[in-house]
1. From the list E20, E37, exactly one residue is in contact with a Gly (Cβ under 8 Å, 6 or more places away or on another chain), assigned to a helix (DSSP H, G or I) and either crowded, with 20+ Cβ neighbours inside 10 Å or of a type outside the set (A, V, I, L, M, F, W, C) (or both). Which is it?
2. Which residues, counting only those in region 14-48, are hydroxyl-bearing (S, T, Y) and either touching a residue at least 24 places away in the same chain (Cβ under 8 Å) or in contact with a Cys (Cβ under 7 Å, 6 or more places away or on another chain) (or both)?
3. Being in contact (Cβ under 8 Å) with a residue 12 or more places away in the chain, among the hydroxyl-bearing types (S, T, Y) and on the phi > 0 side of the Ramachandran plot narrows it down to one residue among Y82, Y121, Y57, Y78; which is it?
4. Keeping to region 40-65, report how many residues are among the aliphatic types (A, V, I, L, M) and either modelled with pLDDT of 95 or more or open to solvent by 60 Å² or more (accessible area, probe 1.4 Å) (or both).
5. Kindly evaluate D101 against the criterion of being surrounded by fewer than 15 Cβ atoms within 10 Å (Cβ to Cβ), without any contact (Cβ under 8 Å) to a residue 40 or more places away in the chain and outside any helix (DSSP H, G or I).
Amino acid sequence: DNEVVAALAGAITLAQQDDEGFWMLAKTMGTSFVTTEALKYATHDTDWGIRPNGDDYAFPSGHTSTACAGAAFIGQRYGWRYGSAALLPAAYVGWSRVDQDLHHVRDVVVGCALGVVSGLYFTQPKTGTTVTPFLDRQVWGVQIQSVW
């Protein structure tokens, strides 16, 4: 579930004795959570706030946001070999939320995007390579920096 990926990210930081990474994870998860909840409350009284099963607070998917934030953190901090393995359970979380009529596809896609952007923004790789998303009025992209 979504907590599994986030717990795995925390366990890796503890096993690596990575205090700096722990605080990056905390910022990643906190930002993802607060942004997701703010959007849920902002869209609560709209069509986007209704789940396929009729319940409230659909947009965006908090479960998917949490799972993707944990996976993005693992990939950004410890390398995409580990991160890609963490994306499998995160993808399962998103799929299961749609399959169980708890979310629309849009809820899952936006939830995952929030988690991934939080992970990329707040997490610096241990190797010295930085991948940072950016948004300008006319340009969206990713900046990659490395120290040689």
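1. E37
2. Going through region 14-48, the residues hydroxyl-bearing (S, T, Y) turn out to be 28, 31-32, 35-36, 41, 43, 46.
The answer is T28, T31, S32, T35, T36.
3. Exactly one residue qualifies, and that residue is Y57.
4. Quick first cut of region 40-65, residues among the aliphatic types (A, V, I, L, M) only: 42, 50, 58.
Then drop every residue that is not either modelled with pLDDT of 95 or more or open to solvent by 60 Å² or more (accessible area, probe 1.4 Å) (or both), which leaves 42, 50.
Number satisfying all stated conditions: 2.
5. No; evaluated as a whole, the condition is false for this residue.
The values are calculated or read from the model by the stated rules, or taken from the named source; none is laboratory data. Computed from a prediction, not measured in an experiment: that's the story for all the values here. Neighbour counts run over all protein chains shown; Cβ positions are idealised from the backbone, glycine included. Accessible surface is based on the protein model in full, side chains and every heavy atom, while ligands, DNA and RNA are left aside. Shrake-Rupley method; radii C 1.70, N 1.55, O 1.52, S 1.80 Å.
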